[in-house]
Amino acid sequence: MDIRSAVLDETTGFLLLGFFGVLWVALGVFWGRKARDLEGFMLAGRNVGLALGAATAMATWVTSNTIMITPKFALQMGVWGMLAYSTASLGLLLFAPMAWRIRRLMPRGYTSGDFIRLRYGPVAWRLFLGISVVYSMAWLVSMGMAGGIVLQALSGIPYVYGMSVILLVCVLYTLFGGLYAVIGTDFIQSLIILVGVVVVGGVVLSRVDLHAFHARLAADHPALLQVLMPVALLSLFNNMFFGFGEIFHNNVWWSRAFAMRDGVSHRAFAASSLFWLPIPIATGFIGLCAGPLGINIPDADMVGPLVASKVLGSMGAVLVFVVVFCSLASSIDSLLAATSDLLVEDVYRKMLRPWATEATLRRASTFVIVGLGLATWLICLPRLGDLIQVLFLSGPLVASAIWPVIAGLYWRRTGHAAAVAALVSGSAAGLWCYFAIGWYAASLVSAAVSMAVLAAVTALWPARFDWSRLDEAEPSAHEEARPCFQAGSSTP
Amino acid sequence: MFPSWFFNALIVAALILTAVSAAGLVTLLVRDWRNGRLW
């Protein structure tokens, strides 16, 4: 992106960054007072209601890409570009019944790693943790880099400053407030995002005649309205399966399922899916309007902000800046909290210190959150463009986890051999496809191979899992915790 | 080619649904808060 295309001056950018940074940290400290114990810090007391639950799921899934890249997608791939992006909401919808079952089977669970360990045993658990941590770090780094790049493009704030401030703010409020702070700020951020999109989209809509707009698109760029686009359809299904893999396996979503009150999680995820669904179409429409509004686009990545600032003036530019900042913060804070939970619960507590006290675990959380923030900052610092590829590369890895997770929740005959074989074969086939064919088919191939292998191994060596083993008792300071490798290996 | 009516309906529906989502979130928040079930 080119700094010369900035739609806001640097001083205003710094002022907005400072104002919202201080606001999020102050709210984090305020809400953090509710986190009196580890369960409060990691899972907001397992009592989150429908409104906050739905908002946090929606806001986390709205990343800076949803705001900045969808207009570009629409500009390049037309109607299918918008629709392909909006299919990512299906992952949230399909996770809704899973969240209900997760809450029922594991009322005392902490992480997605807990589930894989108890359901499939240590080998699948370690593989799963590897995939999950690689993916989470890739997402975290891509969001940190996107923060620096997008804020620089919008306001001219130097990359290092923008990236550093956004990471620092998210680390601080996650550190002080844990999941309470993350969920509370997510609600405000989701409202800002929705209102921002409606205001800009509404004003743009009032400036164009839709019938004339369609006729002009059909005449000048018929490909954007074409129904049959094989590559677009393939990428649509690929994105859909990448999204399923991301949501089904990642602790960001599992921690929310554990954090919500009984009977709320499935409704909250279904609602968040509906809230998320129209956003890519609305932002995509804003991008498509660049031509009819006579806006010159020197840089396709900046089409959304350029249209907003053209129709709403400096207010439009401020609005886009704030919406992008909110979308970045709502994803980074969730990733920091959920990845730190995974490392503290699965690696520190289950692998290294099974008898750690609550105070020790709370201290470990602090170190892990700061460490994650620092590691992300160091990786983001050199601004290596190729790092973004790691996120795409993790697509086939996470897609291989789709069926082990689904079968693990609903099919008692699936044992650890099937899960391990599915994870390994799906990842290998997906990675081969990524390099041999292209990114647009890698996740699809990974999910298909993983499914076939899981079904075949389950048919050949069926297990009979006892669901009650998923409800693991809390190891107390007075009670000897069982070593993790005995806790829940699934016998075929 | 996507017909004009489909294209127009898609855009208008997306904007209306986004506005309804914002209103829905606030309504849910007020309801949860009144019932003491925020968190």
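Using a/c under 1.5 as the rounded threshold, could you call segment A:104-146 rounded, prolate or oblate? The axes a ≥ b ≥ c are square roots of the C-alpha gyration tensor eigenvalues, and prolate needs a/b larger than b/c, oblate otherwise.
Verdict is oblate for segment A:104-146.
For a protection proxy built on the mean count of beta-carbon atoms within 10 angstrom, sort A:200-209, A:269-278 highest first, please.
Details: A:200-209: 18.1, A:269-278: 24.7.
Put in order of decreasing packing, that is A:269-278, A:200-209.
How large is the translational diffusion coefficient of segment A:314-440 in µm² per second when you combine the Kirkwood radius over alpha carbon pairs with Stokes-Einstein at 10 °C and 1.306 mPa s?
The diffusion coefficient I find is 88 µm²/s.
Under 5 Å between amide H atoms, partner at least 5 residues away or on a different chain: which partners does A:VAL48 have, H built in plane at 1.01 Å?
For A:VAL48, whose amide H was placed from the backbone, the distant partners under 5 Å are A:MET260, A:ARG261.
Can you tell me the convex hull volume per residue for segment A:251-388, based on C-alpha atoms, in Å³ to the nearest whole number?
Each residue corresponds to 168 Å³ of Cα convex hull volume.
Quick one: compute the contact order of chain A, relative version, from alpha carbon pairs under 8 angstrom and 6+ residues apart, as a percent.
30 percent
Provide B:VAL20, A:VAL368, A:VAL22 in ascending order of the number of other Cβ atoms located within 10 Å of each residue's Cβ, fewest first. Intermediate results must be reported in sequence, preceding the final value.
Details: B:VAL20 16, A:VAL368 19, A:VAL22 11.
Lowest to highest Cβ neighbour count: A:VAL22, B:VAL20, A:VAL368.
If I take every Cα pair under 8 Å that is 6 or more residues apart in segment A:1-130, average their sequence separation and divide by the length, what percent do I get for the relative contact order?
Averaging sequence separation for qualifying contacts and normalising by length gives 9 percent for segment A:1-130.
Pull out a ≥ b ≥ c, the square roots of the eigenvalues of the alpha-carbon gyration tensor of segment A:1-86, then state rounded if a/c is under 1.5, prolate if not and a/b is larger than b/c, and oblate in the remaining case.
oblate
Can you tell me how segment A:63-146 classifies by the Cα gyration tensor, rounded, prolate or oblate, using a/c under 1.5 as the rounded cut? Present the calculation step by step, with values, prior to reporting the outcome.
Values: a/c = 3.07, a/b = 1.81, b/c = 1.70.
Prolate.
In the calculated pair distance distribution of segment A:374-436, what percentage of Cα-Cα distances lie above 15 Å?
Tail of P(r) above 15 Å: 61 percent of Cα pairs.
Using the alpha-carbon atoms, what tilt in degrees (0 to 90, nearest 10) does helix A:50-61 show relative to the longest principal axis of chain A?
In chain A, helix A:50-61 runs at an angle near 70 degrees to the longest axis.
Based on DSSP loop calls and a cut-off of at most 15 other Cβ atoms within 10 Å, the longest stretch of chain A free of exposed GluC sites (Glu not before Pro) is what?
In chain A, the maximal stretch lacking such sites is A:1-478.
Ranked by Cβ crowding within 10 angstrom, fewest neighbours first, how are A:TRP467, A:TRP411 ordered?
Fewest to most other Cβ atoms nearby, the residues stand as A:TRP467, A:TRP411.
With everything on Cα atoms, drop me the angle between helix A:10-32 and the longest principal axis of chain A, reported from 0 to 90° to the nearest 10.
So the helix axis and the longest Cα principal axis differ by about 30 degrees.
Report the relative contact order of segment A:173-321, percent, no decimals, based on alpha-carbon pairs under 8 angstrom and at least 6 residues apart.
30 percent
Work the Kirkwood hydrodynamic radius out for segment A:187-299: mean of 1/r over every pair of different alpha-carbon atoms, inverted, in Å. Can you show the working numbers first?
Working: mean 1/r = 0.0579 Å⁻¹.
When all Cα pairs of segment A:187-299 are included, the Kirkwood radius is 17.3 Å.
Would you mind pulling out the separation of the Cα centroids of segment A:73-87 and segment A:314-353, in Å?
Here the two parts' Cα centres lie 26 Å apart.
Can you list the lysines whose alpha carbon is less than 26 Å from that of A:LYS72, not counting same-chain residues fewer than 8 positions off?
A:LYS310
Divide by every residue of chain A the summed helix terms, -39500 (n - 2.57) for each DSSP H run of at least 4, and state the resulting mean residue ellipticity at 222 nm, rounded to the nearest 500 deg cm²/dmol.
Value at 222 nm, helices only: -25500 deg cm²/dmol.
Restricting things to alpha carbons, find the Rg to Rh ratio for the protein assembly as shown using the Kirkwood radius for Rh. All intermediate terms of the calculation are to be shown ahead of the outcome.
Working: Rg = 22.6 Å, Rh = 23.4 Å.
Reported Rg/Rh, Kirkwood definition of Rh: 0.97.
For segment A:77-126, treating each Cα as an identical point scatterer without solvent, what Debye log10 I(q)/I(0) comes out at q = 0.23, 0.31 1/Å?
-0.85, -1.06
Evaluate peptide A:274-286: per residue, the Cβ atoms of other protein chains within 10 Å of its Cβ; return the mean as an integer.
Mean partner shielding for this stretch: 5.
Provide the per-residue ³J(HN,Hα) series for segment A:184-200, in order, calculated from phi with Karplus coefficients 6.51, -1.76, 1.60 and θ = phi - 60°, each as a whole number of Hz, with x at glycine and proline positions.
Values per residue, Gly and Pro as x: x, 5, 4, 5, 5, 5, 5, 5, 4, 4, 4, 5, x, 5, 5, 5, 5 Hz.
Could you give the angle, 0 to 90 degrees to the nearest 10, between helix A:265-276's Cα long axis and the longest principal axis of the Cα atoms of chain A?
It is inclined by approximately 20 degrees.
Which ordering of A:LYS34, A:LYS350 is given by a fewest-first count of other beta-carbon atoms within 10 Å?
So the ranking, lowest neighbour count to highest, is A:LYS34, A:LYS350.
Each reported figure results from applying straightforward, stated rules to the coordinates on display, with no laboratory input. Because the structure is a prediction, the values reported are computed rather than measured. Here the Cβ is made from the backbone with ideal geometry for all residues, glycine too, and neighbour counts use every protein chain on show.
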